[in-house]
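The values are calculated or read from the model by the stated rules, or taken from the named source; none is laboratory data. For clarity, every value in this text was computed on a predicted model and none was experimentally measured. Positions of Cβ are backbone-derived with ideal geometry, glycine not excepted, and every protein chain shown enters the neighbour counts.
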Amino acid sequence: MSDHNGKYNIKAVSNILGIHPGTLRAWERRYKIIEPVRNDAGHRLYTDEQMKVLKWIIDKVDQGFTIGQAVELLDKQDVLEDMNHEAINKTQLEAFQQDLLQSLLQFDEHKANRLLDQAFNVFSIEKVVISVLGGILIDVGDKWERNEISIAHEHYVTSYLRTKIGMVFHQLPVNSLLPKVVCVCGPNEQHEIGLLIFTFFLRRRGYETIYLGSGIPEKDICLVVEETMPKLIVISCTIVDHLSDTLRVANQLTENFSELKVGIGGHAVNNLSQSGHAIYKPYLIGHTEEQWLQWLKSNL
């Protein structure tokens, strides 16, 4: 049964969905998308179903539709059915992810290829690469840190992921009207699969991406930026011990190239202190597709 009780105030909606409260109020006034309930103090409260509708609208806008076009496409019942369908798909994606991971940990490449082919037949390329392969990347890293798998297992799985993502990546077209983006690992950082997935995310949307990967000296990073003049550069850092050098490079690029927008990603940023997080917040691209889109929107 649908929950018609308001439970999210406008600040919570703003934080969860990444939409400015003023923008949300304007949408409500102009397009009558939803009508939130009011509490005794007169404050807006949004239901779960209204949150689903708003997320659907925001996803359409992120895909390039205007808010007016998204509203014209809106059919609330269809939206809710789509959301339920997505929940089923998510369960299927997680099942594919676990089966594929187990086959790779058993060094069974034949089975892994068969499972991956099935996943590409059922889901979009983006879902497979980001949700399935990206999820495997996270799982393998966690298992390795907990000493549940050997270095050989970790290397085998990441090598397989790198190959498969690279094969898909180079087949994607580029939109010359979109900004150019350089993607590179921070100093001494060797973990590049997460960066490759983010680069795929950009390329899938048509961005011209220059993927440098790992092992690039700092002076060469600056040289590439000077020669290619990108709008954005994203630096990935996974190992905490490399974070300070990554931040130093980010600062140097910001100082040397005033028009360049710098982003920092990777799990190492989770170890920033509270003050460090406040200082580098504009740089942090996040860990999810929604956060990546929000960072792109704020820097373009």
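Within the stretch 89-113, the set of residues being under 16 Å from residue 165 (Cα atoms) and not hydrophobic (A, V, I, L, M, F, W, C) comprises 97, 109, 113.
Restricting attention to the stretch 144-153, which residues are under 15 Å from residue 106 (Cβ atoms) and surrounded by fewer than 17 Cβ atoms within 10 Å (Cβ to Cβ)?
Within the stretch 144-153, the first condition is being under 15 Å from residue 106 (Cβ atoms), and the residues that meet it are 148-150, 152-153.
Passing the criteria: 148, 150, 152.
The residues of the stretch 195-230 that are within 17 Å of residue 163 (Cα to Cα) and either small (Gly, Ala, Ser) or free of Cβ contacts under 8 Å to residues at least 60 places away in the same chain (or both), listed by number, are 196, 199, 203, 211, 212, 213, 214.
Being under 19 Å from residue 134 (Cβ atoms) and either of a type in the set (S, T, N, Q) or modelled with pLDDT of 90 or more (or both) is the requirement here; does residue 169 meet it? So residue 169 fails the test.
Please determine whether any residue of the stretch 239-249 is surrounded by 13 or more Cβ atoms within 10 Å (Cβ to Cβ) and either assigned by TED's automatic domain parsing to the domain that holds residue 15 or modelled with pLDDT under 90 (or both). Scanning the stretch 239-249 turns up at least one residue that is surrounded by 13 or more Cβ atoms within 10 Å (Cβ to Cβ) and either assigned by TED's automatic domain parsing to the domain that holds residue 15 or modelled with pLDDT under 90 (or both). Quickly run through the stretch 137-181 and pick out the residues that are within 26 Å of residue 231 (Cβ to Cβ) and outside any helix (DSSP H, G or I). Answer for the stretch 137-181, where residues must be within 26 Å of residue 231 (Cβ to Cβ) and outside any helix (DSSP H, G or I): 170, 171, 172, 173, 174, 175, 176, 177, 178, 179, 180, 181.
In the stretch 184-221, the residue that is nearest to residue 249 (Cα to Cα) out of those that are aromatic (Phe, Trp, Tyr) and outside any strand (DSSP E or B) is 198. Selection of the stretch 272-300 for residues being surrounded by fewer than 16 Cβ atoms within 10 Å (Cβ to Cβ), β-branched (Val, Ile, Thr) and not in a helix (DSSP H, G or I) yields only 288.
Would you point out the residue of the stretch 222-238, among those that are of a type in the set (Val, Ile, Thr) and assigned to a helix (DSSP H, G or I), that is surrounded by the most Cβ atoms within 10 Å (Cβ to Cβ)? Walk me through how you get there before you give the answer.
Looking only at the stretch 222-238, we keep the residues that are of a type in the set (Val, Ile, Thr), and these are 224-225, 228, 233-235, 238.
In the following step, the residues that additionally are assigned to a helix (DSSP H, G or I) were identified as 224-225, 228.
Working: 224: 16, 225: 19, 228: 13.
Step by step, filter the stretch 222-238, then rank; the result is 225.
Condition check: under 23 Å from residue 178 (Cβ atoms) and either part of a helix (DSSP H, G or I) or not assigned by TED's automatic domain parsing to the domain that holds residue 140 (or both). Does residue 268 satisfy that? Spell out the reasoning first.
Values: under 23 Å from residue 178 (Cβ atoms): no; either part of a helix (DSSP H, G or I) or not assigned by TED's automatic domain parsing to the domain that holds residue 140 (or both): yes.
The answer is no for residue 268.
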